[in-house]
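One structure is given below, encoded as C-alpha cells.
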Amino acid sequence: MILFLLVALVGATPAQTPPSPWTARLEALRPEEPSAYFELGEELADASAAARANGDDATARWYRELAFRLFGLAGALDARRYGRSACLALADLAPGEGERRRFRSVALLLDRRGGTVPPETAVGGSPTAAVGASEALSLYRRGLGSQVASRLDRTGGRTLLEAHAWAIGGDVDAFLDAARRQRAQGRPRLGAGETTAMLQFEVGVLEADRRPWSTDLRMTGGSPLADVDPGRLEELFQVDVSRPVYRGGHWTAR
C-alpha cells in the first residue's frame, strides 16, 4: 500500500522537557479519551503561534511538533470522530504547501461521519456534491448564473469546486461573481479550453471509477492516488498508538 511520505515533524519526539503546566496535562492523557489529545493539541498549536509572534522560534517549533503528535494520536486512536479533523489540523500546522495539500486531500477522502473513504468518488465530496457542482457549471454555461451559488451551497458542491478550481479558471469567487452578473449578459462567451476544463471536471466527479486517464491526470494534478486505510491511520500520521502515554519526557505503552 502506497502511503504519503509526510513531514518529519509528525511523530517526532521533542528533545526537551515540556514546561509546567504542560507536563501535568500530557501525563493525564489516556488513550480511552482521544478528545483530550485533540484539545491539548489545539492549545499547543495556539501556544506555538503565540511564541512565533514573540520571535521565539525554538519554542514555537517545539510546541508545533508536540501538537503534530497529539493531533496524530487523536486521529489514529479514534478515526471515526477525529480522523478528518486531525487531517485538517495537521494541514494548518504543516510548514510546506505540498504537505498542506496532502492532508487536505485526505480530509476530503475521509467521510466526515465514519472515518472511511467514500467509494462513490476518488476526488472528495459526496455524490450529491458532485451532481450539484456539475449542475452549477451547466447552469453557468446556459446563462442561468443567478442559480449557480444556491445550487452549490445547497448541495455542498462549492467545497468540491474549490478543491478543483482549475475547472473555472482558478478563482471560485471570481467565477461566482461572473455568474451573478449573467442576468444582463446572457450566456458567457467561453473559449474551447474553458469549456473543456469544465467538462473534464464534471466527468471526473461523476465518473470517478471510469474516467479516462487524461481526465484523471487533470483531477489529480499528476500526483499519486491517495491510498488511505482508515484502519491504519497511525501510518499516515506517523504515530505509534502502542505508546500513547506520556511519562518522564517520553511516550510509553499503556
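Data table
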quantity	calculated
Residue match in region 50-58 (condition: in the same structural domain as E235 (by TED's automatic domain parsing), polar (S, T, N, Q) and under 17 Å from E234 (Cα atoms))	no
Yes/no for G170 being modelled with pLDDT of 80 or more, farther than 19 Å from E235 by Cβ, over 15 Å from the mean Cα position of the chain (by Cα) and part of a loop (DSSP other than H, G, I, E, B)	yes
Members of region 60-83 found to be surrounded by 17 or more Cβ atoms within 10 Å (Cβ to Cβ) and more than 22 Å from T252 (Cβ to Cβ), listed by number	A60, R64, A79, R81, G83
Selected residue (criterion: surrounded by the fewest Cβ atoms within 10 Å (Cβ to Cβ)) from residues of region 22-33 that are in contact (Cβ under 8 Å) with a residue 24 or more places away in the chain and not in a helix (DSSP H, G or I)	R30
Every residue from region 34-58 that is more than 21 Å from the chain's Cα centre (by Cα) and either without any contact (Cβ under 8 Å) to a residue 12 or more places away in the chain or loosely packed, with under 14 Cβ neighbours inside 10 Å (or both)	A36, A50, R52, A53, N54, G55, D56, D57, A58
Residue pairs meeting the criteria (Cβ under 7 Å; at least 6 apart or on separate chains; first within 16 Å of A149 (Cβ to Cβ), in region 166-192; second among the acidic types (D, E) and surrounded by fewer than 18 Cβ atoms within 10 Å (Cβ to Cβ))	V172/E162
Residues located in region 231-254, provided they are surrounded by 11 or more Cβ atoms within 10 Å (Cβ to Cβ) and either part of a loop (DSSP other than H, G, I, E, B) or touching a strand residue (DSSP E or B) at 6+ places or on another chain (Cβ under 8 Å) (or both)	Q238, V239, D240, V241, S242, R243, P244, V245, Y246, G249, W251, T252
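Let's see how each residue does on (1) crowded, with 16+ Cβ neighbours inside 10 Å; (2) at pLDDT 90 or above; (3) more than 30 Å from D78 (Cβ to Cβ):
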site: T121; (1), (2), (3): yes, no, no
site: Y140; (1), (2), (3): yes, yes, yes
site: L152; (1), (2), (3): yes, yes, yes
site: L176; (1), (2), (3): yes, yes, yes
site: G204; (1), (2), (3): yes, no, yes
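The values are calculated or read from the model by the stated rules, or taken from the named source; none is laboratory data. If you're wondering where the values come from, they're calculated on a predicted model, not measured in any experiment. All Cβ positions, even for glycine, are placed from backbone atoms using ideal geometry, and neighbour counts span all protein chains on display.
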